[in-house]
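A short write-up of the structure that comes next.
The values are calculated or read from the model by the stated rules, or taken from the named source; none is laboratory data. Being a predicted model, the structure only gives us computed values, none of them experimental. No Cβ is skipped: glycine too gets one built from the backbone with ideal geometry, and neighbour counts run over all protein chains shown.
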Amino acid sequence: MEQLDALFDEANGHLALGEISEAVALYRQCVALDPEFFDGWHALGMSLLKLGEVKEAIGCGLQATTLKPNDLLAWTALSQMYVRDGQIAEAETAKGNARILSLGGKVMR
């Protein structure tokens, strides 16, 4: 999907320049085009976290871990999101999943 790749590259460019709101708008377009686009959900979640939109970031993080339950970075990011929201038990669970993956295990969903 050329359009998706172009949007994602443009969003990443904005992110690199610190233009986070512009990046978020483009990442939203990416996941609207392809709801199964893991990289889009992950990037959208991390960008929203930077903007302080923690609840929505968590939703994106959950979507990313649903799409790729054995992605170490996705679980680590989700743990950070939960910590920012004060959801310590959930953060510990996500961190535990990241730890399992870092040791070569698998997470079942």
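Taking the criterion of being more than 15 Å from MET46 (Cβ to Cβ) and without any contact (Cβ under 8 Å) to a residue 12 or more places away in the chain, the only residue of region 65-86 that qualifies is GLY86. Would a scan of region 37-54 turn up a residue that is among the β-branched types (Val, Ile, Thr), over 11 Å from the mean Cα position of the chain (by Cα), under 27 Å from ARG99 (Cβ atoms) and at pLDDT 95 or above? Checking region 37-54: at least one residue is among the β-branched types (Val, Ile, Thr), over 11 Å from the mean Cα position of the chain (by Cα), under 27 Å from ARG99 (Cβ atoms) and at pLDDT 95 or above.
So, in region 15-38, of the ones that are of a type in the set (Phe, Trp, Tyr) and touching a residue at least 24 places away in the same chain (Cβ under 8 Å), which residue ends up surrounded by the most Cβ atoms within 10 Å (Cβ to Cβ)? Filtering first and then ranking leaves PHE37.
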